[in-house]
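Encoded as structure tokens, the structure appears first; notes follow it.
The values are calculated or read from the model by the stated rules, or taken from the named source; none is laboratory data. Computed from a prediction, not measured in an experiment: that's the story for all the values here. Methodologically, a virtual Cβ is constructed for each residue, glycine included, from the backbone with ideal geometry; neighbour enumeration extends over all protein chains shown.
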Amino acid sequence: MKKSRKVGAAAPKSPQQSATALLALAQGQAAAGRWREATASFKDLLKIEDRPEWRLELAAAYAGRARELAAKGMPKEALTLWENRALVAPQLPPELDYCALLLRQGKVQAVLDLLARTGGRLEGATLTALRSHLAALHLAGEAGVAAGLPADDPIRALGPTAAAALDAYCRGDDAALHEALAAIPFRSPYRDLAQVLKALQRAPAAPAEAAALLERVGDDSGFAPLRRACALALGPPETLPARLADAGDQTRRFALTLAGWGDERQALWEETHRVGGTGPQALLRLLQRRRALLGEDWARRQALRLLVPGFPKSAPLITEGGGRRLSPDERLLVTAWHAEESPNPWEAIEAWEAYADHLIEAGPGPAGSDAALRVALVLRRVDSHRDILAGVAPSQDPDSPDRDLANALALSLTYDPDDRDTYERLVRYYLRGDRLKDARPLLEQGLKRFPKDPGLLTAAMDAALAGDAFKKAARYAHEILALDPINSGVRERLVKAHLAHARKQVRAARYDLARKELDEAGQWDQDGRRREQRALLAGLLDLIEDESRGRDALRAQFAALGDGLAAALALTLEAVAIGRTAAWALKAAGSGKPQAPTQADLSAFLARLRAHLEGGEGLATELQRLFDKPLSVAAKWPLTLAESEAACDTLRRAGLTLARQAFAVAALKRWPHTPVFVLHQFESRRTGRRSHPDRAELGQLEDAWIRARAAGDERTAHRIEQVIDQYAPPPFFPGLPGGLFTDGFDDDDDDDGPDPGQFQMPPDVAMRAIIEIMGIDQVLKIAGLSAQERAEFKRREREVGRARMIDEVLELMREELPDFGTGRPPAPGPGGRGAPPRGGPKGKRQTPRVTDTKPPSDDDPEQFELF
Amino acid sequence: MSDPYLTLGLPPDADDAAVYAAYLAAVKTCPPERDPQRFQALRTAYESLRTHRARLATALFNQEPPTLLEVLDRADPVGAPRRPARALFDALLRGGD
């Protein structure tokens, strides 16, 4: 059936139109490097019309395709295409790549014939390169080269000299090498060989110079393969295998030999690559196969290390590689290694504990023996690896690993009592938590072994200071200074210790002893940094003993200090420290109630307050009341942003809430919405208030958090986040069974406690029991109260007693948590954030530790699990 | 390098003096200004073997898996650069790869 012609179909093209389109197509293919298609298109084009310029383009396409095939390792096919090129455009001179390919195929005579026929048409550079290829072959012993060249051709004439140079290099005869190289002229076909040999000669002493010489040898030279092998060998040794990854056998052997690899090493490397690369399994097999050469113990240890990723699933790899099964010791060790990869410290703690137990069971030997040292090192491993005890105080949190680690460290001293660092580390840890009872025996033990150790003596001095044993502290300070007379830190602490002791003596009405301490302080205060404190203290002592004399002395001193708020702070700090009132001292100094300071006085006051706080002491409540109002007035002074921020921070640390609020408000007027001041304003407003902030307040804080994050102020953002979290839905005792509040509470955390159904006692009774077990402070801490707020509770507890205090805490809970006792969970706060889950990044202990050196105390929160 | 003994070229029973001597010799041939990376490796290796306690700790806690190069170093350490034989030169002059 005849097909109907489509309406609108294109009319057939004329031959001229077809040729134009085909030419464009072919040229496009050639430009894109699609040589195979380009040759086909140009051939079609020549069928339409045999034009000389199209023949040249076909010849170029043949050359392109020939190079492509040669690069793919298809030399015969490439040669065919080069021959096609010569047929289609016989007027073109042969290309160097074609000649080089012929030479590699051993067709030396064909190249010599080509050279004879077309040599005159070759470009100079091409001819030089081609002759270097012939020279290289001649040097390698290819007889055809000499047979096809006249005797006076430089390739033949200089061949013996080049061979002499090469042989001299190979046998290490540098003098002969030098002589032979000097005989090779610059324009010789062996010029590139000379460059390579010179580079090799210089490489050991001057690698950069050698590299520069090698760069002079072009890629088209007959000596280029030699140059490439040398360049690969001369790079950094550690990356040599990577550089040789794609090199052929000859290049690799040459480069490895040049780089100093022995035959055994080369053979092992080749073997590994033959059997499947350098992955863990291949290495395990290699270690097993060559264990006799490598050493049994060494090979086994390395094999264990290869098992760590993916352990215990990786354990069978060792037997699959031909090794014996893991022993219990090896299994425990690899388990511990593997556990170190976990972010949860408990995994590592438990794994190393298990290994330590295993070593102890095996018999650790006497203290100090290698076996005992191993036990000690294992017991210390998690702390030394994660550096946990370095900056923390003993925690009350049962999920915090520090207590277990401290116990492990203490136990380690049984096996290795000569590790000075462990004593100091433990002592410092306990001192940070004011656990003097735990620190003292360690100090005694440590100082017995290291009586002249400045670190331990300093720790002992700090322990004495923490226990108000000033005499003892001074004695240690003297010992340290005897060992290290320029230790200004200890000198300063000694002065402080004498001053503190003097204050203690004043409080005990032993004024003569106080003066003695003051004199001592004066003797050690060589740089006069505490002169002002000494003078004030001496004035106050005078005042106590002789009112008239003391008044004169204090007035003079007060005037010398500037007569302002800063002077009042210095004076009242000393007065309070000796148990007297601020008003008593101020009256004696002729000063009335403190007034708002000038800007300069404000700066001096804040600097003095900062120095006081940095000494680790807070500001007495009496002084907070004294200075809060006058300082609030001083918020009017035009401080810079940095000064305002520093002022707010200092006032926060001193508990000067009103002043802090005033400074934050003033700063916000000047720099509206600045996150750090929003935070100060919020916190100072909230201080002392038990109710939740309203949504607007929290909203402002959240806006400030967003702005702080946007501005990259991560510190402020983090602080704001912590504050917001305080007002999130109260995470009351998240680790506790939910039955205390409701059957459904915390029902997604089945591992946290026993069946909620068993907790059917009234919530009030249960909570009382909890407080009695955990301690009031710990309960308040979990409830989110700040250290300052908890300190108030402690003070109150001292006043009213523990039982009454528990009643008050329970009452407070009823007020703050309306659902407390109703069986419903506490209402969510406006912040809407939950506390982070327990056992998060720091995790939880999986199994109870039975080798703790210290029995749990009644205050130990872990006792909660008994509930 | 995971094995500090290989880094310093020491036998497994090396004592404090041997470790120190090997470290000094290695640093002399490779001062920090010439190759800071290598110097750091030497320093790390020295610290991990410096004392008897450190050597015991290294044996217990070093879990870094070996590389092929370390296995090769153990079997046959890299020596001084060698001059390839004439036959190897000839193979490359013939255009071998």
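In segment A:245-254, how many residues are more than 9 Å from chain B (Cβ to nearest Cβ) and either over 37 Å from the mean Cα position of the chain (by Cα) or buried (at least 20 other Cβ atoms within 10 Å of the Cβ) (or both)?
Restricting attention to segment A:245-254, the residues satisfying the condition of being more than 9 Å from chain B (Cβ to nearest Cβ) are A:245-246, A:252.
Restricting the remaining residues to those that are either over 37 Å from the mean Cα position of the chain (by Cα) or buried (at least 20 other Cβ atoms within 10 Å of the Cβ) (or both) gives A:252.
Residues meeting the conditions: 1.
Does segment A:140-161 hold any residues that are in a helix (DSSP H, G or I) and under 57 Å from the mean Cα position of the chain (by Cα), and which are they? Step through it out loud before you land on a result.
Taking segment A:140-161 first, the residues in a helix (DSSP H, G or I) are A:143-148, A:154-157, A:159-161.
Passing the criteria: none in range.
Quick check: anything in segment A:269-282 within 25 Å of A:C170 (Cβ to Cβ), within 12 Å of chain B (Cβ to nearest Cβ) and at pLDDT below 90? Please lay out each step first, then the result.
Initially, segment A:269-282 is screened for residues within 25 Å of A:C170 (Cβ to Cβ), giving A:269-270.
Filter once more, so that each one left must be within 12 Å of chain B (Cβ to nearest Cβ): A:269-270.
Okay, now just the ones that are also at pLDDT below 90, so A:269-270.
Scanning segment A:269-282 turns up at least one residue that is within 25 Å of A:C170 (Cβ to Cβ), within 12 Å of chain B (Cβ to nearest Cβ) and at pLDDT below 90.
Residue pairs, Cβ under 6 Å, 6 or more apart or interchain, first in segment A:340-365 and within 11 Å of A:L379 (Cα to Cα), second among the polar types (S, T, N, Q). List them.
As it stands, the answer is A:E350/A:Q846; A:A351/A:T335, since those pairs meet every condition given.
Could you list all residues from segment A:33-78 that are buried (at least 22 other Cβ atoms within 10 Å of the Cβ), more than 16 Å from A:A100 (Cβ to Cβ) and under 60 Å from the mean Cα position of the chain (by Cα)?
Within segment A:33-78, A:A38, A:T39, A:A61, A:Y62, A:R65 meet the criteria.
For a quick check of your reading: which helices (runs of 4 or more DSSP H) sit entirely within segment B:21-97 and have at least 2 residues that are among the charged types (D, E, K, R) and more than 7 Å from every other protein chain (Cβ to nearest Cβ)?
Numbers: elements: B:36-49, B:52-61, B:68-75, B:86-93.
Those helices (runs of 4 or more DSSP H) span B:36-49, B:68-75.
Name the residue, out of A:L457, A:L465, that is surrounded by 17 or more Cβ atoms within 10 Å (Cβ to Cβ), modelled with pLDDT under 85 and touching a helix residue (DSSP H, G or I) at 6+ places or on another chain (Cβ under 9 Å). First the steps, then the outcome.
Values: A:L457 fails: modelled with pLDDT under 85.
A:L465 is the lone residue from the list that is surrounded by 17 or more Cβ atoms within 10 Å (Cβ to Cβ), modelled with pLDDT under 85 and touching a helix residue (DSSP H, G or I) at 6+ places or on another chain (Cβ under 9 Å).
For every residue, the table says whether it meets (1) at pLDDT below 95; (2) assigned to a helix (DSSP H, G or I); (3) within 53 Å of the chain's Cα centre (by Cα); (4) over 24 Å from A:K496 (Cβ atoms).
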| position | (1), (2), (3), (4) |
| --- | --- |
| A:L536 | yes, yes, yes, no |
| A:L543 | yes, yes, no, no |
| A:G550 | yes, yes, no, no |
| A:D563 | yes, no, yes, yes |
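Run A:D421 past the list (1) within 14 Å of chain B (Cβ to nearest Cβ); (2) touching a helix residue (DSSP H, G or I) at 6+ places or on another chain (Cβ under 8 Å) and report the number of the one that doesn't hold.
(2)
Scan segment B:30-53 residue by residue and report those that are hydroxyl-bearing (S, T, Y) and within 16 Å of the chain's Cα centre (by Cα).
To start, the set of residues in segment B:30-53 that are hydroxyl-bearing (S, T, Y) comprises B:44, B:46, B:48, B:51.
Correct list: B:T44, B:Y46, B:S48.
State all residues of segment A:162-195 that are among the charged types (D, E, K, R) and outside any helix (DSSP H, G or I); if no residue qualifies, say none.
Hits for segment A:162-195 are A:D173, A:R187.
Yes or no: A:A208 more than 10 Å from chain B (Cβ to nearest Cβ) and not in a loop (DSSP other than H, G, I, E, B)? Break it down into steps so the answer makes sense when it comes.
Details: more than 10 Å from chain B (Cβ to nearest Cβ): yes; not in a loop (DSSP other than H, G, I, E, B): yes.
Yes.
Quick check on segment A:397-407. Is at least one of its residues among the hydroxyl-bearing types (S, T, Y) and touching a Leu at 6+ places or on another chain (Cβ under 6 Å)? Explain how you work it out, then say what you get.
Our first condition is that a residue be among the hydroxyl-bearing types (S, T, Y); within segment A:397-407, this holds for A:400.
Within this subset, residues satisfying the condition of being touching a Leu at 6+ places or on another chain (Cβ under 6 Å) are none.
Checked segment A:397-407: no residue is among the hydroxyl-bearing types (S, T, Y) and touching a Leu at 6+ places or on another chain (Cβ under 6 Å).
Go over the candidates A:K516, A:K504 one by one and state the one that is within 22 Å of A:A553 (Cα to Cα) and either among the hydroxyl-bearing types (S, T, Y) or surrounded by fewer than 18 Cβ atoms within 10 Å (Cβ to Cβ) (or both). Walk me through it before giving the result.
Working: A:K504 fails: either among the hydroxyl-bearing types (S, T, Y) or surrounded by fewer than 18 Cβ atoms within 10 Å (Cβ to Cβ) (or both).
Within the list A:K516, A:K504, the selection yields A:K516.
Given (1) within 13 Å of chain B (Cβ to nearest Cβ); (2) buried (at least 20 other Cβ atoms within 10 Å of the Cβ), where does A:P309 come up short, assuming only one miss?
Checking A:P309 against (1) within 13 Å of chain B (Cβ to nearest Cβ); (2) buried (at least 20 other Cβ atoms within 10 Å of the Cβ), the one that fails is (2).
Give me the pairs, please: first residue somewhere in segment A:561-574 and of a type in the set (S, T, N, Q), second residue anywhere and assigned to a helix (DSSP H, G or I), beta-carbon distance under 7 Å, and either six or more positions apart or on two chains.
Final answer for the pair search is A:T572/A:A582; A:T572/A:A585; A:T572/A:L586; A:T572/A:L623; A:T572/A:L626.
Output the helices (runs of 4 or more DSSP H) that fall wholly within segment A:404-520 and possess 3 or more residues being in contact (Cβ under 8 Å) with a residue 40 or more places away in the chain and under 30 Å from A:G368 (Cβ atoms), or say none. Spell out the reasoning first.
Working: elements: A:420-432, A:436-449, A:454-466, A:470-483, A:488-507.
The qualifying helices (runs of 4 or more DSSP H) are A:420-432.
Looking at segment B:9-40, which of its residues are under 27 Å from A:A376 (Cα atoms) and hydrophobic (A, V, I, L, M, F, W, C)?
The answer is B:L10, B:A14, B:A17, B:A18, B:V19.
Kindly establish whether A:P328 is within 27 Å of A:L411 (Cβ to Cβ), modelled with pLDDT of 90 or more and of a type outside the set (D, E).
Values: within 27 Å of A:L411 (Cβ to Cβ): yes; modelled with pLDDT of 90 or more: yes; of a type outside the set (D, E): yes.
Criteria met by A:P328.
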